[in-house]
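What follows is a short report on a single structure.
Read-outs throughout are calculated quantities, based only on the coordinates presented, and are distinct from any laboratory measurement. Everything numeric here is computed off the predicted structure, so don't read it as measured data. Using ideal geometry, Cβ is built from the backbone for each residue, glycine included, and neighbour counts are taken over all protein chains shown.
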């Protein structure tokens, strides 16, 4: 077993033969809760229950403009992304055209674009959650252990927020608030970059956590 990541060595070998691909689903709607990590996952599983059994499965939440009242306003570019092994394309494609409800907000899912993951020297995740590690120093040590268990070499760091403090983030799952940190990994070679995008770090990847994307100049692409 690869320690703390939830993936077995045999699964890693299998996934090399069935590489991870990314769906990008456009969405139509007006607004969503800013923290819709759990709500999006629950809504998608309601329509395709088999998603609950998929591992690895990563779901990137929907971007929008914050209204500073706990919601985001959607734009023509708003979408959510799902990463799964290529063999699961028919399963995930079932979401196309569905109308889902997140809290009191209804959105229409469009036809997705499907692409392969591309390596990048520098990757960033908006929030990585590692159970039991809610302080920056201990979190970085735990994240480094996970990188090593995946045999990934890179420079791990927590970016600073506008106050000059390590960027701490939270999500709500039902009644619980869970703490994590924005995390950047740089100086990656192509193979390790793809591996990190496939497996991520920490938990709650079905709720938008621990998922790494290419970043340039500190901005997620």
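The distance separating the Cα centre of the stretch 157-209 from that of the stretch 23-40 comes to 19 Å. Here each label is just a point 7 Å from Cα along the line to Cβ, and for residue 69 and residue 94 those points are 3.8 nm apart. Computed from the Cβ-Cβ distance with R0 of 30 Å, the FRET efficiency linking residue 179 to residue 47 stands at 0.50.
The value of relative contact order for the chain, using C-alpha pairs under 8 Å at least six residues apart, is 26 percent. From its DSSP helices (H runs of at least four residues, each -39,500 (n - 2.57)), the chain gives a residue-normalised ellipticity at 222 nm of -6500 deg cm²/dmol. Taking a ≥ b ≥ c as the square roots of the eigenvalues of the Cα gyration tensor of the stretch 118-220, is the shape rounded (a/c under 1.5), prolate (a/b larger than b/c) or oblate? Note, shape of the stretch 118-220 comes out prolate.
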